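Taking it in order: structure first as structure tokens, then the write-up.
The values are calculated or read from the model by the stated rules, or taken from the named source; none is laboratory data. Not measured: the values here are computed from a predicted model. Here the Cβ is made from the backbone with ideal geometry for all residues, glycine too, and neighbour counts use every protein chain on show.
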Amino acid sequence: MELKITNDYDNRLLGRREISASATYTDKTPTKDEVKEELCKRLSLDPALVEIREIKQQYGLRLSDITAYTYASKEVMEKLVKKRGEKGKKPQEKSSATAK
């Protein structure tokens, strides 16, 4: 797999770096773990602070567009990932035992 960094943006407001890359390969589409390993090795990053957001396969080509975030600290990462997870949840309904 050959990884090419296309954009590296330091988002200070959220405390993270937003990295865009493209990967070319000969076999199957690389997994998030394979991309994370290559990205960490290439940019000297801590794997615990890297999140691979998406790998978009281009139809008919051995080329993928990758979006990854690397956070300033574990606390910032947990806060932002938790907030993103809560965004799509619906409020819990009351149980039928309490409603009459």
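Within the stretch 40-47, is even one residue farther than 25 Å from E75 by Cβ, hydrophobic (A, V, I, L, M, F, W, C) and touching a residue at least 24 places away in the same chain (Cβ under 8 Å)?
no
Failed condition for T70, given (1) modelled with pLDDT of 85 or more; (2) in a helix (DSSP H, G or I), with all others met?
Condition not satisfied by T70: (2).
Within the stretch 48-88, restricting attention to residues that are among the small types (G, A, S) and touching a residue at least 24 places away in the same chain (Cβ under 8 Å), which residue is surrounded by the most Cβ atoms within 10 Å (Cβ to Cβ)?
First, the residues of the stretch 48-88 that are among the small types (G, A, S): 48, 60, 64, 68, 72-73, 85, 88.
So of that shortlist, the ones also touching a residue at least 24 places away in the same chain (Cβ under 8 Å) come out as 48, 64, 68, 72-73.
Numbers: A48: 9, S64: 20, A68: 25, A72: 15, S73: 12.
Looking at the filtered set, the residue picked out is A68.
Working only within the stretch 1-38, note down all residues that are aliphatic (A, V, I, L, M) and exposed (fewer than 15 other Cβ atoms within 10 Å of the Cβ).
Selection gives I5, L13, L14.
Pick from L45, L49, L61: which is within 12 Å of the chain's Cα centre (by Cα) and among the aliphatic types (A, V, I, L, M)?
Working: L45 fails: within 12 Å of the chain's Cα centre (by Cα); L61 fails: within 12 Å of the chain's Cα centre (by Cα).
Of L45, L49, L61, the one residue that is within 12 Å of the chain's Cα centre (by Cα) and among the aliphatic types (A, V, I, L, M) is L49.
Go through the stretch 40-57 and give me each residue that's touching a Ser or Thr at 6+ places or on another chain (Cβ under 6 Å) and assigned to a helix (DSSP H, G or I).
Of everything in the stretch 40-57, just one residue is touching a Ser or Thr at 6+ places or on another chain (Cβ under 6 Å) and assigned to a helix (DSSP H, G or I), namely L49.
Hey, does the stretch 10-28 have a residue that's in contact with a Pro (Cβ under 8 Å, 6 or more places away or on another chain), part of a strand (DSSP E or B) and more than 18 Å from V81 (Cα to Cα)?
Yes, the conditions are met somewhere in the stretch 10-28.
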